[in-house]
Each structure stands twice: as structure tokens, then as C-alpha cells.
Amino acid sequence: MKKRFWIALAGLLLLTACASNRQAYDYTAFQTSNPASILVLPPINESPDVAASNSVLTNTVYPLAESGYYVFPVEVVKQAFRHNGLDVPNDIHAIPLDKLQEVFGTDAVLYITVTEYGTSYRVVQSGTDVAANARLVDARTGATLWTGSARASSNEGNNNSSGNIIGMLLTAVIQQIVESVADKGYDIAGVTSNRLLSASVTDGILYGPRSPKYWKNQPKQ
């Protein structure tokens with residue numbers, strides 16, 4: 001028993017040391033660029049749910065604005081692209097940066113890809129999952145300022161380890177139906193977007209000039 005205890009303790013100390021030695025995110029390019037405005041492009045959707053791109057897109061404005069940035073109105077941007085015959089996110093992401101900067105006058109462009117979206121049935125627990133990754137690019141120089149990823153699920157905090165198997169199966173079916181009908185994906189997309197784009201999270205974007213926390217508690221390079 002003592003041997004097992006010391007082995008477990010050594011493993012815990014090793015994990016703690018690895019966590020404390022985690023290399024800090026390099027914000028040098030971000031701080032040099034110092035963007036004040038962000039143009040969010042319609043996200044590329046790699047999930048089977050057609051609602052993914054719009055759901056994530058509309059949830060990006062709040063965390064970015066709260067972090068201190070001017071965010072171009074997403075509907076106005078979508079209409080501008082549509083007016084020029086661009087309605088597919090992959091095509092929009094392929095537009096040259098200098099053209100985006102010329103048309104919108106933005107400091108930075110945010111590229112998002114939705115990798116998971118929707119409600120799925122699992123044997124004992126259904127749930128709605130949304131995952132995305134993002135890349136912020138300086139519209140004037142093309143330099144990558146920041147990259148990140150985030151994921152959220154409606155099952156976070158749930159524990160179905162107790163109870164009979166019939167009840168768990170029935171609950172899973174009901175949960176799938178309810179979350180699909182209620183478009184739970186939109187709500188979970190909001191959680192994912194906040195985790196992805198809020199300046200308050202670890203290794204997130206920096207606070208922008210419209211935030212009272214601008215240049216406060218910023219990482220030193």
C-alpha cells in the first residue's frame with residue numbers, strides 16, 4: 001500500500017510540475033498589431049448540421065465586444081458578401097486580406113471553423129456538442145495574431161452512473177428529442193463562443209481598446 005501511495009504521489013507531483021511549467025502564449029504579434037476592430041467572417045462548417053455556421057457567427061459579437069473590440073455587424077457583413085455573389089464561407093475565407101481591408105477598413109479578420117455541432121444520440125446519454133477553432137489575422141500585414149479552440153456540451157456536469165439501464169436509455173432518447181426540437185445547439189454555441197473569444201480565459205485574445213481592462217494585466221513579453 002505504501003508503495004502504491006508513493007507512486008501515486010510521484011505521478012501527481014509530475015503532473016503539477018508540467019502544469020506549472022506550461023509555456024505562456026506568445027502575444028508579441030498581437031501586441032504589436034494592437035487591433036481595435038475585428039471583421040468576423042462566416043464560419044466554415046465541418047459538421048453535418050447546416051445551422052452551425054450561422055449559430056456560431058451570431059454568438060461571436062458579444063464576447064468580442066465585451067473584450068473591448070468594435071465588431072462589424074454580422075448581418076451587414078453577410079449582406080455585403082451576398083451582394084457580391086459570395087454566400088459560401090469557404091469562398092469568403094479565400095478572399096485576399098488586402099481586399100477585405102480595402103472594403104471594410106478593418107484592423108483584423110477572424111477566421112472560424114466549426115468542427116462539431118448538434119445533438120446526437122448516445123447509448124445512455126444524449127447531448128448537444130459544439131466545438132470550434134479560430135484564427136485572428138492582421139488585415140494589414142497578414143500576420144497571425146492569435147489562434148484558439150473551444151468546446152462545450154450540454155452534458156457537462158451530468159452524471160448518469162447511477163440508476164437502471166432502462167431508465168438511462170429512455171432519458172437519453174428524450175434528451176435527444178428535446179434538445180433537437182429546442183435547437184439546443186444555438187445555446188451551446190454561445191457557451192463555446194464565450195470560451196473561445198473572451199479575453200478573460202486562459203490563452204484567449206487580449207482586451208481591446210474599448211475595454212476598461214485595456215493594457216491592464218496584459219502578458220509581458
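When you look at residue 65, is it surrounded by 21 or more Cβ atoms within 10 Å (Cβ to Cβ) and either at pLDDT 80 or above or under 29 Å from residue 210 (Cα atoms) (or both), yes or no?
Values: surrounded by 21 or more Cβ atoms within 10 Å (Cβ to Cβ): no; either at pLDDT 80 or above or under 29 Å from residue 210 (Cα atoms) (or both): yes.
So residue 65 does not fit the description; no.
Collect the residues in segment 59-94 that are of a type outside the set (A, V, I, L, M, F, W, C), in contact (Cβ under 8 Å) with a residue 40 or more places away in the chain and in a helix (DSSP H, G or I), keeping them in residue-number order. Walk me through it before giving the result.
Let us first name the residues in segment 59-94 that are of a type outside the set (A, V, I, L, M, F, W, C), namely 59-60, 62-63, 66-70, 73, 75, 78-79, 82-85, 87, 89-91, 93.
With the extra rule that they be in contact (Cβ under 8 Å) with a residue 40 or more places away in the chain, the set shrinks to 59-60, 62-63, 66-70, 89-90, 93.
Correct list: 62, 63, 66, 89, 90, 93.
Need pairs with beta-carbon distance below 7 Å; first residue without any contact (Cβ under 8 Å) to a residue 24 or more places away in the chain and of a type in the set (Ser, Thr, Tyr) and within segment 95-108, second surrounded by 14 or more Cβ atoms within 10 Å (Cβ to Cβ) and outside any loop (DSSP other than H, G, I, E, B); sequence gap 6+ or separate chains.
none
Residues in segment 82-89: is at least one modelled with pLDDT under 95, out of contact with any Cys (no Cβ under 9 Å at 6 or more places or on another chain) and closer than 23 Å to residue 207 by Cβ?
Looking for residues that are modelled with pLDDT under 95, out of contact with any Cys (no Cβ under 9 Å at 6 or more places or on another chain) and closer than 23 Å to residue 207 by Cβ, one finds none in segment 82-89, hence no.
Determine whether residue 135 is open to solvent by 70 Å² or more (accessible area, probe 1.4 Å), at pLDDT 95 or above and under 18 Å from residue 56 (Cβ atoms).
So residue 135 fits the description; yes.
Does segment 100-119 include one or more residues that are farther than 27 Å from residue 203 by Cα, open to solvent by 70 Å² or more (accessible area, probe 1.4 Å) and hydrophobic (A, V, I, L, M, F, W, C)?
yes
Does residue 132 satisfy being within 24 Å of residue 185 (Cβ to Cβ), touching a Ser or Thr at 6+ places or on another chain (Cβ under 8 Å) and of a type in the set (Gly, Ala, Ser)?
yes
For residue 191, work out the one condition from (1) at pLDDT below 90; (2) surrounded by 13 or more Cβ atoms within 10 Å (Cβ to Cβ) it doesn't fulfil.
Exception for residue 191: condition (1).
For a quick check of your reading of the model, give me the residue pairs whose first member lies in segment 131-143 and is under 16 Å from residue 36 (Cβ atoms), whose second is assigned to a strand (DSSP E or B) and aromatic (Phe, Trp, Tyr), with beta-carbon atoms closer than 7 Å and at least 6 apart or on different chains.
Listed by first residue and then by second, the contacts come to 136/146; 137/111.
The values are calculated or read from the model by the stated rules, or taken from the named source; none is laboratory data. Here the structure is a predicted model, which means the values were calculated and not measured. Every residue, glycine as well, gets a Cβ built from its backbone with ideal geometry; the counts of neighbours run over all protein chains shown. When the accessible area is computed, the model is the full protein with side chains, heavy atoms only, and any ligands, DNA or RNA have been set aside. Shrake-Rupley method; radii C 1.70, N 1.55, O 1.52, S 1.80 Å.
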